[in-house]
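J.: Before I ask anything, here is the structure I am working with.
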Amino acid sequence: KKMYFGVIVPSVGGAPIVTDADIQRQVDAAVDFYDRTCNINLIFTGICHTDVAPPDGGLTVGCDAGGFFGDWWVAGSYFEFTGATCKFKDSFRRVIGLGGQIIVFIVQDVTPANTNGCSFASTHDYVVIEAIPPDQAFVAAHEMGPACWLPHAGDPANLMFPSTPTANPVLTRLQISVVRWSKHCVYI
(Lines give C-alpha, C1' and ligand atoms only; values in the text may rest on other atoms or scores of the structure.)
Protein backbone atom coordinates (compact mmCIF):
# COMPACT_ATOMS: atom_id res chain seq x y z
CA LYS A 1 0.00 0.00 0.00
CA LYS A 2 1.03 3.60 -0.42
CA MET A 3 0.13 7.09 0.73
CA TYR A 4 1.18 10.44 -0.67
CA PHE A 5 2.07 13.63 1.17
CA GLY A 6 3.49 17.02 0.35
CA VAL A 7 4.54 20.09 2.33
CA ILE A 8 3.46 23.68 1.74
CA VAL A 9 5.61 26.53 3.03
CA PRO A 10 4.00 29.99 2.95
CA SER A 11 6.04 33.14 2.57
CA VAL A 12 5.67 36.20 4.77
CA GLY A 13 7.24 39.43 3.61
CA GLY A 14 8.68 37.62 0.59
CA ALA A 15 10.58 35.03 2.65
CA PRO A 16 9.59 31.42 3.43
CA ILE A 17 8.67 30.97 7.09
CA VAL A 18 10.96 27.93 7.30
CA THR A 19 13.81 26.47 5.26
CA ASP A 20 13.63 23.21 3.31
CA ALA A 21 16.42 21.84 5.53
CA ASP A 22 14.29 22.46 8.62
CA ILE A 23 11.43 20.48 7.08
CA GLN A 24 13.51 17.54 5.84
CA ARG A 25 13.83 15.90 9.27
CA GLN A 26 10.01 15.78 9.55
CA VAL A 27 9.76 14.32 6.04
CA ASP A 28 12.41 11.65 6.66
CA ALA A 29 10.91 10.66 10.02
CA ALA A 30 7.39 10.31 8.59
CA VAL A 31 8.54 8.27 5.57
CA ASP A 32 10.62 5.95 7.75
CA PHE A 33 7.95 5.56 10.43
CA TYR A 34 5.04 4.62 8.14
CA ASP A 35 7.24 2.30 6.09
CA ARG A 36 8.75 0.54 9.10
CA THR A 37 5.66 0.44 11.31
CA CYS A 38 2.73 0.10 8.88
CA ASN A 39 4.39 -1.33 5.74
CA ILE A 40 3.14 1.69 3.81
CA ASN A 41 5.19 3.32 1.10
CA LEU A 42 4.76 6.95 2.16
CA ILE A 43 5.62 8.90 -0.98
CA PHE A 44 6.84 12.44 -0.51
CA THR A 45 5.70 14.57 -3.45
CA GLY A 46 7.77 17.63 -2.58
CA ILE A 47 7.81 21.04 -0.96
CA CYS A 48 5.76 23.83 -2.48
CA HIS A 49 6.75 27.38 -1.67
CA THR A 50 3.73 29.61 -2.08
CA ASP A 51 3.50 33.36 -2.36
CA VAL A 52 -0.29 33.31 -1.97
CA ALA A 53 -0.81 35.77 0.86
CA PRO A 54 -2.47 34.24 3.91
CA PRO A 55 -5.47 36.04 5.42
CA ASP A 56 -4.84 38.10 8.55
CA GLY A 57 -4.00 35.63 11.30
CA GLY A 58 -4.18 32.76 8.79
CA LEU A 59 -0.84 31.32 9.85
CA THR A 60 -2.01 31.01 13.47
CA VAL A 61 -4.26 27.97 13.74
CA GLY A 62 -6.43 27.13 16.72
CA CYS A 63 -6.49 23.42 17.43
CA ASP A 64 -9.88 23.47 19.11
CA ALA A 65 -13.57 23.70 18.19
CA GLY A 66 -13.12 27.36 17.26
CA GLY A 67 -10.30 26.42 14.90
CA PHE A 68 -12.35 23.60 13.40
CA PHE A 69 -15.33 25.82 12.61
CA GLY A 70 -13.14 28.80 11.74
CA ASP A 71 -11.55 26.58 9.15
CA TRP A 72 -14.86 26.53 7.28
CA TRP A 73 -14.36 30.20 6.56
CA VAL A 74 -11.46 32.32 5.21
CA ALA A 75 -8.53 30.36 6.69
CA GLY A 76 -9.84 27.06 5.36
CA SER A 77 -10.35 28.60 1.94
CA TYR A 78 -6.73 29.74 2.01
CA PHE A 79 -5.47 26.24 2.83
CA GLU A 80 -7.65 24.62 0.18
CA PHE A 81 -6.80 27.19 -2.50
CA THR A 82 -3.09 27.03 -1.80
CA GLY A 83 -3.19 23.22 -1.76
CA ALA A 84 -4.92 23.22 -5.14
CA THR A 85 -2.50 25.73 -6.71
CA CYS A 86 0.64 23.92 -5.60
CA LYS A 87 -0.02 21.28 -8.27
CA PHE A 88 1.05 18.23 -6.33
CA LYS A 89 0.71 14.85 -8.01
CA ASP A 90 -2.84 14.49 -6.67
CA SER A 91 -4.88 14.87 -9.87
CA PHE A 92 -8.16 12.94 -9.71
CA ARG A 93 -7.46 11.66 -6.19
CA ARG A 94 -8.04 15.11 -4.73
CA VAL A 95 -11.49 15.24 -6.34
CA ILE A 96 -12.70 11.77 -5.37
CA GLY A 97 -10.93 11.68 -1.99
CA LEU A 98 -9.69 8.10 -2.28
CA GLY A 99 -5.90 8.14 -2.26
CA GLY A 100 -5.74 11.92 -1.98
CA GLN A 101 -2.48 13.03 -0.50
CA ILE A 102 -2.10 14.56 2.91
CA ILE A 103 -0.77 18.10 2.75
CA VAL A 104 1.38 19.31 5.63
CA PHE A 105 1.15 23.10 5.98
CA ILE A 106 3.87 24.85 7.90
CA VAL A 107 2.36 27.65 9.99
CA GLN A 108 3.74 30.22 12.39
CA ASP A 109 1.75 29.19 15.46
CA VAL A 110 -0.67 26.51 16.62
CA THR A 111 -2.75 27.28 19.70
CA PRO A 112 -3.29 26.58 22.57
CA ALA A 113 0.18 26.96 24.04
CA ASN A 114 2.44 23.88 23.97
CA THR A 115 0.69 22.63 20.84
CA ASN A 116 2.89 22.34 17.76
CA GLY A 117 0.58 20.70 15.26
CA CYS A 118 -3.07 20.12 14.49
CA SER A 119 -5.27 17.89 12.39
CA PHE A 120 -9.03 18.09 12.04
CA ALA A 121 -9.21 14.34 11.40
CA SER A 122 -10.23 12.95 8.06
CA THR A 123 -12.55 15.88 7.36
CA HIS A 124 -9.57 17.70 5.83
CA ASP A 125 -6.78 16.57 3.50
CA TYR A 126 -4.29 18.79 5.27
CA VAL A 127 -2.67 19.10 8.66
CA VAL A 128 -0.73 22.02 10.11
CA ILE A 129 2.52 22.04 12.04
CA GLU A 130 4.75 24.77 13.35
CA ALA A 131 8.36 25.05 12.33
CA ILE A 132 9.49 22.38 14.79
CA PRO A 133 12.58 22.24 17.00
CA PRO A 134 15.05 19.56 15.79
CA ASP A 135 14.43 17.26 18.79
CA GLN A 136 10.82 16.69 17.70
CA ALA A 137 11.06 14.79 14.42
CA PHE A 138 7.68 13.00 14.57
CA VAL A 139 5.21 15.91 14.65
CA ALA A 140 4.23 15.61 10.96
CA ALA A 141 3.89 11.82 11.31
CA HIS A 142 1.74 12.33 14.43
CA GLU A 143 -0.55 14.85 12.71
CA MET A 144 -1.01 12.53 9.71
CA GLY A 145 -2.50 10.00 12.15
CA PRO A 146 -5.83 11.80 12.71
CA ALA A 147 -6.09 12.42 8.96
CA CYS A 148 -6.14 8.60 8.78
CA TRP A 149 -8.73 8.37 11.63
CA LEU A 150 -6.34 7.67 14.49
CA PRO A 151 -7.40 9.18 17.83
CA HIS A 152 -4.96 10.09 20.58
CA ALA A 153 -3.67 7.18 22.69
CA GLY A 154 -2.74 6.87 26.35
CA ASP A 155 0.65 5.15 25.94
CA PRO A 156 3.53 7.71 26.08
CA ALA A 157 5.50 5.58 23.56
CA ASN A 158 2.63 5.62 21.04
CA LEU A 159 2.88 7.98 18.08
CA MET A 160 -0.63 9.18 18.91
CA PHE A 161 0.11 10.16 22.52
CA PRO A 162 -1.01 13.82 22.85
CA SER A 163 2.61 14.90 23.40
CA THR A 164 4.42 13.50 20.40
CA PRO A 165 7.21 11.06 21.38
CA THR A 166 10.68 12.30 20.52
CA ALA A 167 12.12 8.89 19.62
CA ASN A 168 11.00 5.44 18.45
CA PRO A 169 7.20 5.83 18.54
CA VAL A 170 4.97 2.79 18.07
CA LEU A 171 1.43 1.98 16.95
CA THR A 172 -0.83 -0.87 18.05
CA ARG A 173 -1.96 -3.49 15.53
CA LEU A 174 -5.43 -1.94 15.53
CA GLN A 175 -3.98 1.50 14.77
CA ILE A 176 -1.91 0.05 11.93
CA SER A 177 -5.04 -1.55 10.45
CA VAL A 178 -6.95 1.74 10.68
CA VAL A 179 -4.18 3.64 8.88
CA ARG A 180 -3.94 0.97 6.18
CA TRP A 181 -7.72 1.17 5.59
CA SER A 182 -7.91 4.97 5.59
CA LYS A 183 -8.97 6.88 2.49
CA HIS A 184 -5.38 8.09 2.01
CA CYS A 185 -3.87 4.60 1.74
CA VAL A 186 -4.29 2.88 -1.63
CA TYR A 187 -2.76 0.27 -3.90
CA ILE A 188 -2.77 2.44 -7.04
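The values are calculated or read from the model by the stated rules, or taken from the named source; none is laboratory data. None of the values given here were measured: they were computed from a predicted structure. When we count neighbours, we look across all protein chains shown, and the Cβ atoms used for this are built from the backbone with ideal geometry, even at glycine. We work out accessible area using only protein heavy atoms, side chains counted, and drop any ligands, DNA or RNA first. Shrake-Rupley method; radii C 1.70, N 1.55, O 1.52, S 1.80 Å.
J.: How many residues are over 14 Å from the mean Cα position of the chain (by Cα), open to solvent by less than 60 Å² (accessible area, probe 1.4 Å) and either of a type in the set (D, E) or under 15 Å from M3 (Cβ atoms) (or both) if we restrict to region 34-50?
T.: The number of residues fulfilling the criteria is 3.
J.: Here's something else I'd like to know. Considering only residues that are within 16 Å of F79 (Cβ to Cβ) and either part of a strand (DSSP E or B) or at pLDDT below 90 (or both), which ones fall in region 8-29?
T.: I8, V9, P10, S11, V12
J.: Restricting to region 112-130, name every residue that is assigned to a strand (DSSP E or B), modelled with pLDDT under 90 and open to solvent by 30 Å² or more (accessible area, probe 1.4 Å).
T.: Once the filter is applied, which keeps residues that are assigned to a strand (DSSP E or B), modelled with pLDDT under 90 and open to solvent by 30 Å² or more (accessible area, probe 1.4 Å), region 112-130 yields only T115.
J.: Pull out all pairs, ordered by first then second residue, where Cβ-Cβ is under 6 Å, the residues are six or more apart or on different chains, the first lies in region 161-182 and is closer than 25 Å to T115 by Cβ and modelled with pLDDT of 95 or more, and the second is open to solvent by 60 Å² or more (accessible area, probe 1.4 Å) and aromatic (F, W, Y).
T.: Every condition considered, the pairs that remain are V178/W149.
J.: Quick check on region 51-63: of everything there that is under 16 Å from the mean Cα position of the chain (by Cα) and assigned to a loop (DSSP other than H, G, I, E, B), which residue is nearest to T111 (Cα to Cα)?
T.: The selected residue is C63.
J.: Another question, then. Under 9 Å by Cβ, and 6 or more places apart or on different chains, what pairs join a residue from region 131-154 that is more than 10 Å from S119 (Cβ to Cβ) and at pLDDT 95 or above with one that is charged (D, E, K, R) and assigned to a helix (DSSP H, G or I)?
T.: A141/D32
J.: Exactly one condition in (1) modelled with pLDDT under 90; (2) in contact with a Phe, Trp or Tyr (Cβ under 8 Å, 6 or more places away or on another chain); (3) surrounded by fewer than 12 Cβ atoms within 10 Å (Cβ to Cβ); (4) of a type outside the set (K, R) is false for Q101; which is it?
T.: Evaluating Q101 over (1) modelled with pLDDT under 90; (2) in contact with a Phe, Trp or Tyr (Cβ under 8 Å, 6 or more places away or on another chain); (3) surrounded by fewer than 12 Cβ atoms within 10 Å (Cβ to Cβ); (4) of a type outside the set (K, R) leaves (3) as the failure.
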